[in-house]
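Some notes on the structure that comes next.
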There are 2 protein chains.
Amino acid sequence: MAFEPLRPGAVIGILGGGQLGRMLALAAPRLGFRCHIYAPPGDNPAFDVSCAHTAAAYEDEAALARFASGVSVVTYEFENVPSATCAALERLVTVAPGREALRVAQDRLEEKTFLSRLGVPVAPFTSVAGVQDIEEAASRIGLPAVLKTRRFGYDGKGQAKIVSRSGCAEAWSAIGKAPAVLEAFVPFDAELSVIAARGRDGSFVPFDIPENWHENHILRQSRVPARVAPETVGWAGDIARGIADGLGYVGVLAVELFLLRRSGREELLVNEIAPRVHNSGHWTLDACHVSQFEQHIRAIAGWPLGDPSRHSDSIMQNLLGLEVDDWERLAKEPQTAVHIYGKAEARPGRKMGHFTRLHPLGAIAGKGK
Amino acid sequence: MAFEPLRPGAVIGILGGGQLGRMLALAAPRLGFRCHIYAPPGDNPAFDVSCAHTAAAYEDEAALARFASGVSVVTYEFENVPSATCAALERLVTVAPGREALRVAQDRLEEKTFLSRLGVPVAPFTSVAGVQDIEEAASRIGLPAVLKTRRFGYDGKGQAKIVSRSGCAEAWSAIGKAPAVLEAFVPFDAELSVIAARGRDGSFVPFDIPENWHENHILRQSRVPARVAPETVGWAGDIARGIADGLGYVGVLAVELFLLRRSGREELLVNEIAPRVHNSGHWTLDACHVSQFEQHIRAIAGWPLGDPSRHSDSIMQNLLGLEVDDWERLAKEPQTAVHIYGKAEARPGRKMGHFTRLHPLGAIAGKGK
């Protein structure tokens, strides 16, 4: 589809009012764009930094139509945009990344099937819908394994690990007896992610690859560069490019990977994809010439993709819950960028902010966590 | 006065809706703050990125009172805030930098007198209010000299150069016969500026010093580092610290300097001061750990001042008038950050945006313009 680059002054619509929408809304004005945020009523920190906002349900077709009439393109900060919402908007305005990316990312079975068909390495998986299914799948895949709901999983929600056959029924209950996928447990040596952009012209630009640590299934820290072989970096980029091309993707995409070291060789398995800017790319705000947020805006606006290269090594760490109260101590640290999301309530585990420590290029290459 | 650091979530009031207010309003949310912009109706690009705005005259005391009641501190993006506006606000809320900085910066005679009393080197100057005054002053100071209105001068407006005694009357007409200062013309070898912050606790943190070029009295380019001796950098910082201390200043301050090379020695003269973030500090957005905009927010919020150190060398260039239409070409340049201010109309000479080319530290040290 022909899409003229949006001129400065154009309005970009963003579905979702959380920290990702907020950081997109802070990046867009650098290029002269204005933002209109659409999100259900609630604590929406993105509203504070945007030109306009609509607080309405994703099912409110009249509100969606008004929103669409005032924007030049619509994007989203999260993958669980209802497909009816996306369809309603697509009748009125360009939505990027498009519906196919949402369809695949919203359903773990669709996602794994899509990845397998592309030839992307994933852990063995099977669709399951009951205890007997799970027991049979466990026999084939082996244990330990992880039971994951097909839909609405994030930060470890909707997951249960199964270590013995007797645990299948308990796991099925734990995930709410929802349609699920049983996946082989991957004893990974490291977690990586590819944050990359695909432009409207098919151009593909990955950032350097971060190495990630999770605690209680929530991202704790990302460091760049990752301590992996150059060939692994190239392989990861090729995987992400294949996925982006396969989806006809426009925007920034995140691909979470497991790294396994077997007899000195590095192997990769894709864990999941996120059709949006990603927590493990927040360091790009302070360590790169163009951040993931500006890159996403460039891509959906039809602009040339920006230079993703780093001027610094970096370690990004999330501020969860009351950790955000540490702002005064962190603000004193040299070479440290502090980001606070402006959320009203610091619930335990809630992502309230992050900080990124910068180091000269090459300074943290060989260092441990 | 005791001033507890503002907690994230607090609202910062900003007088002025132009690009400086906009970049302050984009920096404050990084620390969790919200912004309320106050500016007269018109083209106010800062409104597009702030939580709230008031479009009202600076003389509207009722609107000022409503504005003050909803913010924790007030700052400004320009030095020509009417003193009555500042006084009205100061009765209701903390204003930073304070009234003394405005008083001195609004009147070239007050400014020069203040600087002289501090022992800061300035070009010879005299207050003048008529052709005869100017002729007498020209005899004392020598020619060429520059006639400058005491008030409301910026980007070369309100200035006229006098090269011969016969030009005095013409210069007096050219500046609108307003109260003025006659200054000796300085045949400078380079223009520098100090961009520095002073905190509520008296802490003083300068950025590295840019070397600036003007065209038609409007800033064209700033490059960092400046090609000056280390002792000159130290001297310039000492001058700025003396000025900031002398004003009891809180926030980011700019001091414009002339550099003269005489028999191999570098001498400095202060040209003028600006009690605000400054065009010649825009490169800090992309080349420093903390930008001048975040630093100003930190200072007025009572936060610890941030690390001003650079991770990159940089050259910043303004986009004036229709030059902003170059965005697509600039967006393709590697290691280049593009900033577009979102102004509606690209009038000739109007500051519409800027771009900053980054280079590794040390890469541009010896290079020409």
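Per-structure values
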| read-out | value |
| --- | --- |
| Test: residue in the stretch A:265-288 that is within 9 Å of chain B (Cβ to nearest Cβ) and among the acidic types (Asp, Glu) | yes |
| Strands (runs of 3 or more DSSP E) lying entirely in the stretch B:184-281 (those with 2 or more residues that are hydrophobic (A, V, I, L, M, F, W, C)) | B:190-198, B:204-206, B:218-224, B:251-262, B:265-274 |
| From the options B:Glu79, B:Glu61, residue that is modelled with pLDDT under 95 and farther than 30 Å from A:His354 by Cβ | B:Glu79 |
| Hits in the stretch B:325-336 - residues which are open to solvent by 10 Å² or more (accessible area, probe 1.4 Å) and more than 7 Å from every other protein chain (Cβ to nearest Cβ) | B:Asp325, B:Asp326, B:Arg329, B:Glu333 |
| Residue in the stretch B:160-179 that is touching a helix residue (DSSP H, G or I) at 6+ places or on another chain (Cβ under 7 Å) and touching a residue at least 60 places away in the same chain (Cβ under 8 Å) present | no |
| Restricting the stretch B:340-354 to residues that are assigned to a strand (DSSP E or B) and under 17 Å from A:Arg7 (Cβ atoms), the residue that is farthest from the other protein chains (Cβ to nearest Cβ) | B:Met352 |
| Some residue of the stretch B:223-234 being touching a residue at least 60 places away in the same chain (Cβ under 8 Å) and open to solvent by less than 10 Å² (accessible area, probe 1.4 Å) | yes |
| Residue list for the stretch B:138-150, restricted to those being surrounded by fewer than 19 Cβ atoms within 10 Å (Cβ to Cβ) and in a loop (DSSP other than H, G, I, E, B) | B:Gly142, B:Leu143, B:Pro144 |
| Any hit, the stretch B:244-266, residues being free of Cβ contacts under 8 Å to residues at least 12 places away in the same chain, open to solvent by 20 Å² or more (accessible area, probe 1.4 Å) and of a type in the set (S, T, N, Q) | yes |
| Scan of the stretch B:261-280 for residues that are touching a Pro at 6+ places or on another chain (Cβ under 7 Å) and within 15 Å of B:Pro206 (Cα to Cα), ordered by number | B:Pro275, B:Ser280 |
| Residue in the stretch A:304-315 that is surrounded by the fewest Cβ atoms within 10 Å (Cβ to Cβ), counting only those that are in a loop (DSSP other than H, G, I, E, B) and out of contact with any Gly (no Cβ under 8 Å at 6 or more places or on another chain) | A:Ser309 |
| Leading residue by the ranking (farthest from the chain's Cα centre (by Cα)) among those in the stretch B:274-286 that are buried (at least 24 other Cβ atoms within 10 Å of the Cβ) and among the hydrophobic types (A, V, I, L, M, F, W, C) | B:Trp283 |
| Single match in A:Glu111, A:Glu135 (criterion: buried (at least 17 other Cβ atoms within 10 Å of the Cβ), closer than 30 Å to A:Arg262 by Cα and either aromatic (Phe, Trp, Tyr) or in contact (Cβ under 8 Å) with a residue 60 or more places away in the chain (or both)) | A:Glu111 |
| Residue that is nearest to the chain's Cα centre (by Cα) [pool: residues in the stretch B:116-137 that are in a helix (DSSP H, G or I) and small (Gly, Ala, Ser)] | B:Ser116 |
| Filter result (in contact (Cβ under 8 Å) with a residue 24 or more places away in the chain and in contact with a Lys or Arg (Cβ under 8 Å, 6 or more places away or on another chain)) within the stretch A:148-159 | A:Lys148, A:Thr149, A:Arg150, A:Arg151, A:Gly153, A:Gln159 |
| Flag if B:Ser312 is closer than 29 Å to A:Cys288 by Cα, within 9 Å of chain A (Cβ to nearest Cβ) and among the polar types (S, T, N, Q) | yes |
| Residue in the stretch A:316-324 that is away from chain B (no Cβ under 14 Å), farther than 16 Å from B:Gly32 by Cβ and either open to solvent by 30 Å² or more (accessible area, probe 1.4 Å) or hydroxyl-bearing (Ser, Thr, Tyr) (or both) present | yes |
| Any hit, the stretch A:287-294, residues being surrounded by 22 or more Cβ atoms within 10 Å (Cβ to Cβ), assigned to a strand (DSSP E or B) and in contact (Cβ under 8 Å) with a residue 40 or more places away in the chain | yes |
| Filter pass, B:Asp307 being within 11 Å of chain A (Cβ to nearest Cβ) and either closer than 29 Å to B:Lys343 by Cα or within 14 Å of the chain's Cα centre (by Cα) (or both) | no |
| Identity of the residue in the stretch A:355-369, open to solvent by 60 Å² or more (accessible area, probe 1.4 Å) and not in a strand (DSSP E or B), that ends up farthest from the other protein chains (Cβ to nearest Cβ) | A:Lys369 |
| Complete set of residues in the stretch B:151-183 that are open to solvent by 80 Å² or more (accessible area, probe 1.4 Å), of a type in the set (D, E, K, R) and not in a strand (DSSP E or B) | B:Arg151, B:Lys157, B:Arg165, B:Glu170, B:Lys177 |
| Subset of the stretch A:1-20 [more than 12 Å from chain B (Cβ to nearest Cβ) and under 19 Å from A:Val290 (Cβ atoms)] | A:Ile14, A:Leu20 |
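The values are calculated or read from the model by the stated rules, or taken from the named source; none is laboratory data. Keep in mind that what you see is a predicted model, and the values were worked out from it rather than measured. Quick reminder, even Gly has a Cβ in these numbers, built from the backbone with ideal geometry, and neighbours come from all protein chains shown. These accessible areas exclude ligands, DNA and RNA; they are computed on the full protein's heavy atoms, side chains included. Shrake-Rupley method; radii C 1.70, N 1.55, O 1.52, S 1.80 Å.
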